[in-house]
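Just so you know, all these numbers are worked out from the coordinates, no wet-lab data involved. Quantities reported herein were computed from a predicted structural model and do not represent experimental measurements. Here the Cβ positions follow ideal geometry from the backbone for every residue, glycine too, while neighbour counts run over all protein chains shown.
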Amino acid sequence: MTKHLPPEIAFLNRKGRFLRRLILEFSDEELQRLTPSPLPETIKTLLKRAHDQGSSSMRKN
Amino acid sequence: MTELYFLSDEELVKGFVAGNQKCFSILVERHKQKVFSYIYLMVRRQELAEDIFQESFLKVHCSIMEGRYAESGRFTSWVMRIAHNLIIDHFRKQKHLPLIYNEDYSHDLFNDRKLTDTSIEDQLVHDEVLKDVASLVDQLPDNQKEVVKMRHFMGLSFKEIAEETNVSINTALGRMRYALINLRKMMEEKDITLSVS
């Protein structure tokens, strides 16, 4: 079945493919000079949420 | 803990599945910059990028726990694809698509509307054309290649490019102009066309 994507989504998909390939060629240090890094609070919250997610899933099992 | 840092991504995934949460923390630490840079370059807003970054790794966490990680050796690419799907979901919900138009050049190689056709056949042809263009970009002199990649693949403004490369905006614009001239010449020589009709 042919799946028609809206042009904007097709554009984002193409841009995403290029960027993913390109990013793999850069070191983390180079990327840090070009873009921001995630905030330490973001990492902290993420790890806490992941931990909670893990605990609740274990309880279910 | 220290020895965990020497494990491969696959070994960390196995350790995490076996119940060691620290393995997941190390995976986040190891891949956070690439994944965050990808999300940021796609959405261009730090706060939104932070949210999508969290959601991406929570999905990764969940998928691994459910035994759905099977991409040996390509962990970063896998996480970036998960992030990409969340980015698309976000824009679908917002009905706001961050298309980047290049006002500086009326004949911009990468902003051609014809490149957004949607049939699968056209899509394949376009992908081939873009691959050809990318390989031509690699043949440009380094300073021109750098400007093209920063502008078109990473979406930086000419002001940002000038700052990153320590040149004036006019120099950055000039390099882009020569890059486009060179690309057109190479395309003529190789008989590559960007119009697919």
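Determine the sum of side-chain charges near residue B:138: Lys and Arg each +1, Asp and Glu each -1, restricted to other residues whose C-beta is under 10 angstrom from that of residue B:138.
Values: positive: B:145, B:149; negative: none.
With Lys, Arg at +1 and Asp, Glu at -1, the neighbours total +2.
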Set A:48/B:34; A:15/B:149; B:145/B:185, cut-off 18 Å on Cα-Cα distance; pairs above it are A:48/B:34
Need one number: the % of Cα-Cα pairs in region B:15-57 sitting beyond the 11 Å mark. 65 percent
Would you please give the FRET efficiency between residue B:190 and residue A:34, computed as 1/(1 + (r/R0)^6) with r the Cβ-Cβ distance and R0 = 25 Å, to the nearest 0.05? 0.25
Dimensions of chain A along principal axes (Cα, Å, largest first)? 43, 42, 17
